[in-house]
């Protein structure tokens with residue numbers, strides 16, 4: 001689906017983001033690349049280090065492409081685990097205009 | 001079953017294993033045979049129990065395990081010397097830990113004063129093992145500088161491939177103290193080039209915890225080969241604040257020391273505050289116990305290639321194999337009856353089947369065979385407790401823990417052994433003063449040995465005490481009217497008097513072993529297992545109880561005989577030899593009993609059929625075959641039967657369970673032709689030859 005409007009695509013992250021989910025997540029992100037994207041983390045129950053890597057790399061890629069990457073509706077588990085990993089949620093997002 | 005319940009069950013099973021490991025390790029340490037790895041294993045055992053208990057929010061267990069673990073850590077780091085006092089404390093702590101685990105499993109209660117007392121003792125020894133504590137130590141709640149560790153952790157792809165997870169490690173680390181984590185993404189490749197299963201991140205962790213480096217390394221124990229790990233002390237300026245002050249803090253401020261579980265109950269959803277200077281609340285860890293257990297199971301599976309099997313399944317298999325053996329025997333019988341030649345294909349194939357059946361049976365029995373270790377491991381605790389109660393010093397040495405015996409036997413030797421060991425300490429060993437006076441070390445030695453001997457398991461309990469006071473035993477037996485005052489007894493016969501019912505040599509009846517139901521109960525329960533017990537004693541040097549038991553209670557090698565048309569089985573273990581009696585060698589004795597001359601000696605004869613009431617007439621000795629059997633305590637007799645049909649392995653079917661106990665008959669079995677054959681109770685039959693009261697055979701008295 002083509003978005004002429006600057007509104008972003010949305011990718012709902014699966015509940016379990018463990019190592020078996022990393023490959024699919026990467027693939028999904030690669031197909032959505034080059035356009036603004038909103039990640040919905042409302043269902044995430046578990047986040048593993050490998051999916052975290054993918055998310056961090058995605059943020060770098062979106063920043064390189066100068067496209068917005070945002071997080072929406074983060075679940076409690078998602079935030080707790082990010083905190084455990086020493087990753088602030090805002091380091092996973094990118095906004096073209098300076099905030 | 002509900003998956004959580006199943007995981008919980010697994011946890012408690014693992015706890016039992018860890019407790020066994022703990023006990024074994026501590027014993028090794030106590031004996032001075034411990035290596036560094038032993039101490040590590042002991043530490044790991046407690047650590048694992050603590051970790052698992054945390055998942056299930058078993059707070060009392062976690063708290064005690066933590067104190068215990070901290071002390072062990074001090075031992076490991078060398079700040080606490082393992083003298084006898086400390087070892088004793090550690091051993092008692094292991095007992096309490098076992099109680100706590102069992103209480104948690106069965107939702108039971110524990111003696112909290114005992115637990116608390118041990119915690120205080122730990123505090124004291126940790127202070128002793130230390131330099132004089134600086135004043136701030138008694139005020140841990142004050143803002144004393146907490147030492148910090150700097151940890152750099154870089155996983156490699158195999159770490160993830162083995163289903164380990166950084167998040168879990170970080171969580172585990174957070175149990176040690178507050179952590180501050182930053183992630184280094186320098187090595188992260190471009191999104192399109194990255195391998196989703198690669199490992200590109202490095203975590204830098206600052207851990208504020210007053211723990212040893214090894215405690216941190218333990219967190220990474222299962223992954224240390226699959227990551228780069230650097231641990232440096234961030235505040236090396238405080239060498240005196242090494243392990244131990246946590247405990248010291250606990251001394252005065254026990255509430256401060258373990259607040260998280262309390263907080264946890266009150267506000268279970270409260271997120272951990274970064275500046276909170278206590279270990280974070282448990283809820284995070286509770287999120288994914290499945291994950292943790294799965295990871296644990298994985299690593300455990302890598303270590304040993306064993307499986308846990310429900311006992312019912314094994315028992316069912318034993319039953320089925322028993323049926324198979326019977327069926328195979330019936331088939332052989334049919335083939336024989338059909339008159340098929342021995343060299344024919346059918347007979348040959350049948351023979352092969354017989355071999356296979358036998359092998360299957362042996363293999364199935366081997367599944368059930370267990371080392372006696374599980375029983376032996378309970379004994380050190382018993383020794384400690386009994387020694388403490390009696391004010392004696394005792395050390396237990398075990399040998400042959402690896403000796404295997406069928407589960408049916410294992411289950412039933414614990415009680416007799418417990419009684420015998422209690423007895424050895426309570427009655428066998430002297431008080432430390434008496435021992436020193438006799439020129440022996442104050443600490444008495446109790447030795448527990450297991451070994452295989454001619455198809456039986458032999459268990460020995462020996463002590464290096466004073467030995468049996470024969471004069472007193474005899475005096476007491478006369479006093480109780482068990483023997484006549486003028487009876488001339490050999491030393492061995494006097495020793496064996498203690499197996500008589502109601503016999504206790506202790507001058508005061510203690511609540512340990514002198515309940516008046518002493519060794520005769522042991523003897524009876526051993527006899528019920530088809531076993532024998534005997535004693536040998538050397539005055540001043542101690543006594544040895546020897547227990548001989550069949551390896552299994554499920555099958556038996558027996559000799560098939562016939563007596564007046566009845567088929568009977570005589571356990572092969574009891575048979576010494578078979579012979580063809582000659583009338584000239586038989587002499588009547590005392591009207592009822594005949595004796596046979598055998599290599600210069602005389603042995604009483606028993607007509608099997610007559611003794612079981614099959615016939616009133618005695619068989620003519622020269623018309624029969626004779627089997628020389630040896631009963632309990634080496635008592636011999638010659639059994640007379642009509643014919644011997646051969647040797648066969650039979651599956652034991654309990655007569656008591658299916659019918660009722662019959663004197664002279666131990667059990668029954670099903671023969672090849674489908675008929676039931678009775679298994680002779682050799683001891684009972686042999687007893688009938690000994691009917692004089694003056695003979696101090698315990699059995700005689702029991703026969704009344």
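Remarks
- Counting only Cα atoms, the stretch B:188-235 measures 43, 23, 12 Å along its principal axes, largest extent leading.
- Peptide-level mean, for B:192-205, of C-beta atoms on other protein chains within 10 Å: 5
- Acute angle (nearest 10 degrees) that the helix A:19-31 long axis makes with the longest principal axis of chain A, alpha-carbon atoms: 0 degrees
- Peptide A:44-56 - average C-beta neighbours from other chains (10 Å radius): 6
- According to the Cα-based calculation, Rg over Rh for the stretch B:311-367 is 1.09, with Rh computed by the Kirkwood formula.
- Full extension of the chain segment joining residue B:658 with residue B:102 gains 196.7 nm, where the gain is 0.36 nm per residue of separation less the Cα-Cα distance.
- Unit Cα scatterers, Debye sum, the stretch A:9-92: log10 I(q)/I(0) for q = 0.10, 0.14, 0.22, 0.24 Å⁻¹: -0.20, -0.39, -1.05, -1.28
- Here the scattering of the stretch B:555-702 is modelled by Debye summation over its C-alpha atoms, one equal scatterer each and no solvent; at q = 0.17, 0.20 Å⁻¹ the log10 of I(q)/I(0) is -0.96, -1.32.
- Cβ neighbours within 10 Å from other chains - mean over B:177-188: 3
- Projected label distance in nm at residue B:180 and residue B:234, using a 7 Å step from Cα toward the beta-carbon: 0.5 nm
- Tensor-based shape of the stretch B:367-500 (alpha-carbon gyration tensor, a/c under 1.5 rounded, otherwise prolate or oblate): oblate
- Taking the fewest neighbouring Cβ atoms within 10 Å as the starting point, the ordered list for B:38, B:403 is B:38, B:403.
- Three semi-axes of the equivalent ellipsoid, the stretch B:450-494, Cα gyration tensor, whole Å, largest first: 30, 14, 9
- Compactness of the stretch B:393-463 is given as radius of gyration and Dmax, 14.3, 44 Å, from Cα positions.
- Build a GNM of chain A with springs between Cα atoms under 10 Å apart, and of A:84, A:32, A:52 the one that fluctuates most is A:84.
- Hull shadow area, averaged, the stretch B:1-121 [alpha-carbon convex hull, nm²]: 7.1 nm²
Rule-based calculations on the coordinates, nothing more; no lab input. From a predicted model like this one, the values you see are computed outputs, not experimental measurements. Note that each Cβ is placed from the backbone with ideal geometry, even for glycine, and that neighbours are counted across all protein chains shown.
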